[in-house]
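Quick notes on the structure that follows.
Read-outs: derived from the displayed coordinates by stated rules, not from any lab. Please read all numbers here as calculations on a predicted model, not as lab measurements. Here the Cβ positions follow ideal geometry from the backbone for every residue, glycine too, while neighbour counts run over all protein chains shown.
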Amino acid sequence: MLDATDRMILRRWQAEPDLQVTELAQEIGLSQSVVSRRIEGLREAGILRGVHGVIDWRAAGHGVEVSLRFTLDKSDPRALDGFLASARKVPEVIEIQTFLGRVDVRLAVVARNLNDWQEIYRSRILTLPHIAEIEALMHVARVKTDAILPV
């Protein structure tokens, strides 16, 4: 389980993920070797899973984001697996989530503009297998994006 030192390291790193281990150690008052061992322990425990770059899709030229909710035709027992395998191949799909309930799958899709979105929708999304229903929600604003865990 996490102790106070682990939580302090995680809180500080979540707040400033670009922090070097030497700076992190200095800020929390521990030696660099202790902090390095702690970080390695957090990685081995699966609590820290790599370092990721966060891309601003709009700044990268993708001005449209759509959330698609799918209900699948469950007459085929492999419908979910087939749908997911196909959806993973669509380059504009940036996130896939599965659910229990009326909605089976949600895809987050980015496009350069509305014309690009129409092309993606017609040629890639509507060709996905086992679709019974689709609901499209056009993204307007991102109100909160923090992935910070209160540790």
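Below are the figures for this structure:
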| read-out | value |
| --- | --- |
| The chain - percent relative contact order, Cα under 8 Å, separation 6 or more | 27 |
| Loop-resident sites, the range 69-151, for chymotrypsin sites (Phe, Trp or Tyr not before Pro), counting at most 14 other Cβ within 10 Å (DSSP) | 99 |
| Loop trypsin sites (Lys or Arg not before Pro), the range 52-104, which have at most 11 other Cβ atoms in a 10 Å radius of their Cβ (DSSP) | 74, 78, 89, 102 |
